[in-house]
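Below is one structure; the comments refer to it alone.
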Amino acid sequence: MRINVSVYTLLMFTIFIVIVGGCGGGGSGGSSNSSCPEEESDEIAIAFAQEIFELTNAARMKAGLLPLSNDEKLTLAAFTRAEEITIIGYFSHTRPNGKSWDSVLEELDVVPRSFGGENIAVSSGTAEAILNMWLNSPGHHANIMSDMYSHVGVGVKIKGG
């Protein structure tokens, strides 16, 4: 399938979740475990990313917009960026190597794009809380509700407490 570059536009969500008190059961809470095994953390991150994806599309459809398509390479790029945020210790659109956030797209051979954006968050909240935070921020809201976007990748990194 050939994709027209002027139509293929990308939005990337990068989320770093800090779970205070240990692992949780998905995006909606935590348990009393004192640490989060890597396998469980990865499963939670994938489930959380899926929840962000679904909530984003629900918000877009409620606003009369088309849903975004989940893009595998873009999702990998978003997970890469989420991991990088844990390396630098704060969230930034600049990567640890000093390059812009979108340089990860080129490195992972993501299809060329005419338009792109990155929403990032560091939170200990739920997927719904993160989406609400973005929807209440003019710049993030504009990214989520833009009819310029057609594809999204959601990456989440979990850090147990």
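Taking amide H atoms as placed 1.01 Å from N in the peptide plane, the amide H of VAL156 lies under 5 Å from those of ILE15, each 5 or more residues away in sequence or on another chain. Surface composition of the range 65-112: carbon plus sulfur atoms contribute 56% of the solvent-accessible area (1.4 Å probe, protein chains only, all chains present). Using a probe of 1.4 Å, the accessible surface attributed to HIS93 totals some 80 Å² when neighbouring protein chains are kept in position. Across the range 141-156, rounded Karplus estimates of 3J(HN,Hα) from the backbone phi angles (6.51 cos²θ - 1.76 cosθ + 1.60, θ = phi - 60°) give 4, 4, 4, 5, 9, 6, 7, 6, 8, 10, 10, 9, x, 10, x, 10 Hz, Gly and Pro being marked x.
Shape class of the range 46-161 from the alpha-carbon gyration tensor: oblate, with a/c at 1.5 or above and b/c at least as large as a/b.
Taking amide H atoms as placed 1.01 Å from N in the peptide plane, the amide H of ASN119 lies under 5 Å from those of MET12, PHE13, THR14, each 5 or more residues away in sequence or on another chain.
The values are calculated or read from the model by the stated rules, or taken from the named source; none is laboratory data. Every value quoted in this text rests on a predicted model; they were computed, and no experiment measured them. To get the accessible areas, we keep the full protein, side chains included, count just its heavy atoms, and leave off ligands, DNA and RNA. Shrake-Rupley method; radii C 1.70, N 1.55, O 1.52, S 1.80 Å.
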